[in-house]
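**Student:** Please see the structure below; I have some questions.
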Amino acid sequence: MSAQEQIGVKTQSVEKVTDRGGGNLKWRHFKGTILTILGWFSIVFGLSILVVLILDVISKATGIFTGGTNWLTWEFFNNFDSRFPTRAGAKAAIVGTLYTISLTILFAFPLGVAAAIYLEEYARDNWFSKLVEINISNLAAVPSIIYGLLGLQVFARWLFLGRSIITGALTLALLVVPIIIVASRESIRAVPLSLRQASYALGATRWQTVWHVVLPQSIGGILTGSILAVSRAIGETAPLITIGALTFVPFLPRSLFDVFTVLPIQIFNWTSRPNDDFRALAAAGILVLLTILLTINALAIYLRNRYQKRY
């Protein structure tokens, strides 16, 4: 075969490869377009279902779309629960929710962030640290009812705290601490090593570097993880029922050692009753619970944007 024929054969081979590559590229673009459409459809579909559910809850609670009874009145916020729906309110549940979530944040946030700082900045890379990391990752996926059983045995029985607010807060703190630790570790790990080295070069100690450099840079991710943790805790019912939180509380707690109820338990109690008016009361309680949740999230987002430092 002459040199020209060899060149012609190689040219044809290159053209075939180019055509094949072009076909693969077109196919990849087609698949990418299909996946993009499916992704957007999933987002729109999920958000549409969420909007429909929220509008249905608003309609049942306020009667704004159907002309029914508005249950979100002053009596709903100022009355205790009752056998009669027209007299029933969520005063004890709202106060109990605020107490419980406030104490949960107070217990869980410092403990979770401190554990994350220790594991990322101080702990040595040995078998004990790896064992702790594996256990923390596993605890983040444990069902909430297990934490309820743990809180019942440890806090209510061994520590003699009973069916109190502080028992519920400590149980929920155990539930969300692993989530805060995992999110905080990921945020701390994302801080560039060059910032730490620059701090050490200027003579700062390890703790000064952590406090003035690492934490300000990672506070956004830490607060984001804490928001997710609090969002889970505020809607939990199973662990609180396990430790003995009541469904009917006709008084406000006078101390952290009093019995209590929370909005999720109150909503569960109302939805289990056969009267449709109690279901409307449950819808009103859902709106109040969503308002509390969104308010806490908005406050956390404001603090994140306010105190986060960018380099």
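The values are calculated or read from the model by the stated rules, or taken from the named source; none is laboratory data. Keep in mind that this is a model prediction, so the values were computed, not measured. Here the Cβ is made from the backbone with ideal geometry for all residues, glycine too, and neighbour counts use every protein chain on show. Quick note on the areas: whole protein, heavy atoms, side chains included, nothing else; ligands and nucleic acids left out. Shrake-Rupley method; radii C 1.70, N 1.55, O 1.52, S 1.80 Å.
**Student:** So what is the relative contact order for the chain, in percent, with contacts set as C-alpha pairs under 8 Å and at least six apart?
**Tutor:** 23
**Student:** On to the next question. With the other protein chains left in place, how much accessible area per residue, in square angstrom, belongs to the range 39-112 at a 1.4 angstrom probe?
**Tutor:** On a per-residue basis, the range 39-112 sits at 61 Å².
**Student:** Is the shape of the range 249-311 best called rounded, prolate or oblate, per the rule: a/c under 1.5 gives rounded, else a/b larger than b/c gives prolate, else oblate, with a ≥ b ≥ c the square roots of the Cα gyration tensor eigenvalues?
**Tutor:** oblate
**Student:** Quote the relative contact order of the range 88-245 in percent (integer), defining contacts as alpha-carbon pairs under 8 Å separated by 6+ residues.
**Tutor:** Dividing the mean separation by the residue count of the range 88-245 yields 36 percent.
**Student:** With r as the distance between the Cβ atoms of F251 and A114 and R0 = 45 Å, compute the FRET efficiency 1/(1 + (r/R0)^6) and round to 0.05.
**Tutor:** So, using R0 = 45 Å, E works out to roughly 0.80.
**Student:** Go ahead and run the numbers for FRET between A238 and R206, Cβ-Cβ distance against an R0 of 41 Å, rounding to 0.05.
**Tutor:** Here the calculated transfer efficiency is 0.50.
**Student:** A further question follows. Could you give the accessible area per residue of the range 160-311, probe 1.4 Å, as a whole number in Å²?
**Tutor:** With the other protein chains kept in place, the range 160-311 gives 47 Å² per residue.
**Student:** What is the extension gain from N275 to N70, computed as 0.36 nm multiplied by their sequence separation minus the C-alpha to C-alpha distance, in nm to one decimal?
**Tutor:** Length difference between fully extended and current span is 72.2 nm.
**Student:** Also, quick follow-up: Sorting check: for 173-183, 240-250, which peptide has the highest mean count of neighbouring beta carbons within 10 Å, and how do the rest follow?
**Tutor:** Packing order, densest peptide first, comes out as 173-183, 240-250.
**Student:** Then there is this: Ignoring ligands, DNA and RNA, please state the percent of accessible area on the range 104-143 from carbon and sulfur, probe 1.4 Å.
**Tutor:** Carbon and sulfur together cover 67 percent of it.
**Student:** Charges at C-beta only: +1 for Lys and Arg, -1 for Asp and Glu. How large is the resulting dipole of the range 217-311 about its Cα centre, in Debye rounded to 20?
**Tutor:** Roughly 540 debye, rounded to the nearest 20.
**Student:** Tell me whether the range 35-107 comes out rounded, prolate or oblate; compute the Cα gyration tensor, take square roots of the eigenvalues as a ≥ b ≥ c, and use a/c under 1.5 as the rounded threshold.
**Tutor:** Oblate.
**Student:** Something else: If you add up the charges near D81, with Lys and Arg at +1 and Asp and Glu at -1, over every other residue whose beta carbon is less than 15 angstrom from its beta carbon, what do you get?
**Tutor:** Neighbourhood net charge equals +3.
**Student:** Using label points projected 7 Å from each Cα along Cα→Cβ, tell me how many nm separate T291 and A123, to one decimal.
**Tutor:** Simple spin-label model gives 4.2 nm for this pair.
**Student:** Can you give the Kirkwood hydrodynamic radius of the chain from its Cα pairs, in Å with one decimal?
**Tutor:** Kirkwood radius, the chain: 23.5 Å.
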